[in-house]
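K.L.:
Below is a structure I'd like to ask you about.
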Amino acid sequence: MAKRTVIIVGATGMVGREILAGLLADDSVGEVHSLGRRPPATTHSKLTAHVVNFASQPLLSSLPQADEVYLALGTTIKVAGSQQAFRAIDYDANLAVARAAQAAGVTKLGLVSAMGADASSSVFYNRVKGELEEALEKMSFAGLVIARPSLLVGDREALGQPARRGEKLGLALSKVLSFLIPANYQPIAAAAVAKAILTAVPQAQGKNILLSGAMH
């Protein structure tokens, strides 16, 4: 059986790092092409890292033929600096990679989105996440898996990312009030999200939404 060729964007992030590790450990995967503003810290014989300027379409015009693409690129408005900069990463860059991947023959796509994603939301963050989901659905991939994790648990400082005060507060409260919090809104480990999406994408047919509670 031919081994799968996979494209991933956002492999240096919390969930993306776990997805990359899972792909490299999977014997059914023969090649992994990582796209990012910087290469992953990981090196591996089947990993090719592409340093990309996501604002430049020509750099995405010659992706290798591949079977799957995983979109794990994301930021926050605080880190991005503005709503416009946030949208350029979370919407524009992810969508550009999806289009380039589809042109390279990719038929199955996995997206790390967020609980609350809704294109009609009054909350800017949720609205952008929802708009990306809708844009990807219109592209008619044979298999589309959308993971909507709640508050992510992981070591951001180890990734060189700033600690998020809101996350620390949310985690502390969730430990005390876990019995009151619905499963979909309880904190979830980045590794659990990666495992769920890695399991679902290769066999995906049509659209499949993975809610946070189901990924625990």
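K.L.:
Restricting attention to segment 45-66, report how many residues are part of a loop (DSSP other than H, G, I, E, B) and either open to solvent by less than 70 Å² (accessible area, probe 1.4 Å) or hydrophobic (A, V, I, L, M, F, W, C) (or both).
P.N.:
Step one: filter segment 45-66 for residues part of a loop (DSSP other than H, G, I, E, B), giving 45-46, 52-56, 61-66.
The next check asks that each one be either open to solvent by less than 70 Å² (accessible area, probe 1.4 Å) or hydrophobic (A, V, I, L, M, F, W, C) (or both); those that pass are 46, 52, 54-56, 63-64, 66.
Looking only at that region, the number is 8.
K.L.:
Going by the structure shown, is Gly116 open to solvent by less than 20 Å² (accessible area, probe 1.4 Å) and either of a type in the set (Phe, Trp, Tyr) or over 17 Å from Asn53 (Cβ atoms) (or both)? Before you say what the answer is, go through the steps one by one.
P.N.:
On the way: open to solvent by less than 20 Å² (accessible area, probe 1.4 Å): no; either of a type in the set (Phe, Trp, Tyr) or over 17 Å from Asn53 (Cβ atoms) (or both): yes.
Here the answer is no, as Gly116 does not meet what is asked.
K.L.:
Specify which of the listed residues (Arg87, Arg17, Arg37) is closer than 24 Å to Ser140 by Cα, open to solvent by 20 Å² or more (accessible area, probe 1.4 Å) and not small (Gly, Ala, Ser).
P.N.:
Working: Arg17 fails: closer than 24 Å to Ser140 by Cα; Arg37 fails: closer than 24 Å to Ser140 by Cα.
Result: Arg87 is the single residue among Arg87, Arg17, Arg37 that is closer than 24 Å to Ser140 by Cα, open to solvent by 20 Å² or more (accessible area, probe 1.4 Å) and not small (Gly, Ala, Ser).
K.L.:
Hey, can you tell me all the residues within segment 9-34 that are in contact with a helix residue (DSSP H, G or I) (Cβ under 6 Å, 6 or more places away or on another chain) and not charged (D, E, K, R)? Before you say what the answer is, go through the steps one by one.
P.N.:
Keep residues of segment 9-34 that are in contact with a helix residue (DSSP H, G or I) (Cβ under 6 Å, 6 or more places away or on another chain), which gives 9-11, 14-15, 18-19, 22, 29, 32.
Listed by number, the residues that qualify are Val9, Gly10, Ala11, Met14, Val15, Ile19, Gly22, Val29, Val32.
K.L.:
Give me the pairs, please: first residue somewhere in segment 75-98 and more than 27 Å from Ser62 (Cα to Cα) and modelled with pLDDT under 95, second residue anywhere and polar (S, T, N, Q) and not in a loop (DSSP other than H, G, I, E, B), beta-carbon distance under 9 Å, and either six or more positions apart or on two chains.
P.N.:
Ile77/Gln83
K.L.:
Here's something else I'd like to know. With respect to Thr42, determine if the residue is of a type in the set (Ser, Thr, Tyr), crowded, with 17+ Cβ neighbours inside 10 Å, outside any strand (DSSP E or B) and in contact (Cβ under 8 Å) with a residue 12 or more places away in the chain.
P.N.:
In short, no.
The values are calculated or read from the model by the stated rules, or taken from the named source; none is laboratory data. The structure displayed is predicted, hence computed values, not measured ones. As a convention, Cβ positions derive from the backbone with ideal geometry for all residues, glycine included, and neighbour counts pool all protein chains shown. Accessible surface is based on the protein model in full, side chains and every heavy atom, while ligands, DNA and RNA are left aside. Shrake-Rupley method; radii C 1.70, N 1.55, O 1.52, S 1.80 Å.
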